[in-house]
Amino acid sequence: VDLSGEWRATTDDRPEFAKPDFDDRQWGTVRLPWARRQSEIRWLRRAVNVPAGTPEVLLTLGSVGEFYQLFVDGEPRGGN
């Protein structure tokens, strides 16, 4: 599943942003992969449909210089 392209983004930081039904339509967008470091962004959101029958999904984030946490359907699934 290719995750490049437009993502919703904000510099705010609130716990409800992890909820799957959170309405992020008022957020701006950024395009991934980034050509330069975007340290001001705190939240990135995108809906991803995984094809039926996919046994396992591996997400590669690349170089991450700061703290991150990954949520899937509102549940924490990884981070540093």
If you take the beta carbon distance between residue 50 and residue 19 as r and set R0 to 25 Å, what does 1/(1 + (r/R0)^6) give as a FRET efficiency, to the nearest 0.05? 0.85
Which percent of the accessible area of the chain is formed by carbon and sulfur heavy atoms (probe 1.4 angstrom)? 47
Which is the longest part of the chain that has none of the chymotrypsin sites (Phe, Trp or Tyr not before Pro) sitting in a DSSP loop with at most 12 other Cβ atoms within 10 Å? 1-33
(i) 13.9; (ii) 12.2; (iii) 13.6, with the label sought being that of the calculated Kirkwood radius over Cα pairs in Å: (i)
Suppose all protein chains stay in the model; what accessible area per residue would a 1.4 Å probe give for the chain, in Å²? 83
Gain in length, residue 3 to residue 41, computed as 0.36 nm per residue apart minus the alpha-carbon separation, to one decimal in nm? 12.0 nm
For the chain, modelled as a GNM with alpha-carbon contacts under 10 angstrom, which of 40, 56, 16 fluctuates the most? 56
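The values are calculated or read from the model by the stated rules, or taken from the named source; none is laboratory data. Just so it is clear, the structure is predicted and the values come from calculations on it, not from any experiment. No Cβ is skipped: glycine too gets one built from the backbone with ideal geometry, and neighbour counts run over all protein chains shown. Accessible surface is based on the protein model in full, side chains and every heavy atom, while ligands, DNA and RNA are left aside. Shrake-Rupley method; radii C 1.70, N 1.55, O 1.52, S 1.80 Å.
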